1. Using Cα centres only, tell me the gap between the stretch 250-322 and the stretch 129-196 in whole Å.
2. Calculate, in nm to one decimal, what A265 and E201 gain on full extension: separation in residues at 0.36 nm each, minus their alpha carbon distance.
3. Taking all protein chains in place and a 1.4 Å probe, what share, in percent, of the accessible surface of the stretch 210-345 do carbon and sulfur account for?
4. So what J values fall out for the stretch 108-123 if you push phi through Karplus, 6.51 cos²θ - 1.76 cosθ + 1.60 with θ = phi - 60°, rounded to Hz, Gly and Pro as x?
5. Going by average Cβ neighbours within 10 Å, how do the peptides 312-323, 151-162 rank, with the highest at the top?
6. Excluding same-chain residues fewer than 8 positions from K112, which lysines have a Cα within less than 25 Å of its Cα?
7. Could you rank the peptides 297-309, 136-148 by their average count of other C-beta atoms within 10 Å per residue, with the highest value first?
8. For the stretch 87-186, take the convex hull of the Cα atoms, compute a quarter of its surface area, and give me that in nm², please.
Amino acid sequence: MARAGGAAWDEMLDARGQVRAHWQILSQQLQRWSSNERRALSSASARMIAGLGTTYNVYSDVGSTGQPYELDPVPLLIAPSDWAQVAAGLAQRMRLIETVLADLYGPQRLLKEGLIPPDLVHASPAFLPYARGIQPVGGRFMITSGCDLVRSASGQWTVLRDHTSALGGLGQVLGNRNVTSKLLSEPFEDLQIARIGAFFELERSTLQSLSPSRGGMANVVFLTPGFRHPSYFEHAYKARLLGFPLVEPADLTVRERRLFLKTLAGLRLIDGVACRVDDADVDPLQDWASDGGGVPGMIEAWRTGNVALANAPGAGFAASPALMPFLPGICRKWFGEEIKLPFVETWWLSQAAVRRITRSHGKPGTRRRRHG
């Protein structure tokens, strides 16, 4: 990797080739290891990952037990001051995206004010007309969101894309942390690494608070498409971590617009669903283009406020890359703030001015994303 100021950002070394302050402890440890010790560390990491049963399935591997999952035992270290900027940017971004979703599925002021082109919304298959006018249980379309981030050559964090539907990967984060903290126990403690358990506790408590009407603690299930899904291991790991039953669509049924879990003792009323099923596959009665999976009637149960779905149907629209170029203007006008995290240059080609620029200056092979 090149040093800072070169073709890529070097996480460990600064522009002078000196080890950055937050890498000092781990760097000293790395330099003390012999080649045999490094190989032993890598082998130990592989054994621990295998012991956890971590895999990543691919749809083409019918009947496969999953692809091996590899973990670099040397972690990526991010300075507290650096991460504080990222955290502030992500918090702003989630608040902004939630505001966009609530408006587009509600009063649609963004369209009336010209802050988002109507054809961007109505032509998108990710925008679900049946969600218009719905106030999701809990008042939010999103409980969690994800964001792909990269470093520019100058060290600036940049957004590649958002993930707002059928989120995955958080289970692997915890699994990776468990393995790394055991393999590198001494430097891990010396570095005073920020803990991540509080995030999962907050996620659990938020989901458990989504009781539509009965009060008390909600009955929540973790819905997975099944063992053939690429992230099935992560679904199972995360459900166990949160303490929620892991279920597939066939385990659920809707009666009188209420969602129930089928158990040996009978039907159990469900208040909330941590949903890892794509919007198109949630309810075959709602989306006739689906493959017949999902839970018939679940959208109607959600629409009538009898069950919470996290994230809510329709939240996936916010992950459209075409929405990106309009977020800074919305943030500036509605929040009175500049957007904190820049994004990969993205154009919506339905705008005449953008088309003119593209025709005049666009060059094949540039790293711009063009939509429309």
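1. Taking the Cα centre of the stretch 129-196 as reference, the centre of the stretch 250-322 is 24 Å away.
2. Details: separation 64, 0.36 × 64 = 23.04 nm, distance 2.92 nm.
Extending this stretch completely gives an extra 20.1 nm.
3. Working: 2960 of 5730 Å².
Exposed carbon and sulfur together represent 52 percent of the surface.
4. 6, 5, 4, 6, 5, 8, x, 7, 9, x, x, 5, 4, 7, 6, 8
5. On the way: 312-323: 23.4, 151-162: 15.2.
In descending order of packing, they fall as 312-323, 151-162.
6. Output for K112: K333.
7. On the way: 297-309: 22.1, 136-148: 19.4.
The most tightly packed comes first, giving 297-309, 136-148.
8. Working: hull surface 39.1 nm².
Convex hull of Cα atoms, orientation-averaged projection: 9.8 nm².
The values are calculated or read from the model by the stated rules, or taken from the named source; none is laboratory data. Fair warning: this is a prediction, and the values are worked out from it, not measured in the lab. Glycine also receives a Cβ, built like all others from the backbone with ideal geometry; neighbour counts cover every protein chain displayed. These accessible areas exclude ligands, DNA and RNA; they are computed on the full protein's heavy atoms, side chains included. Shrake-Rupley method; radii C 1.70, N 1.55, O 1.52, S 1.80 Å.
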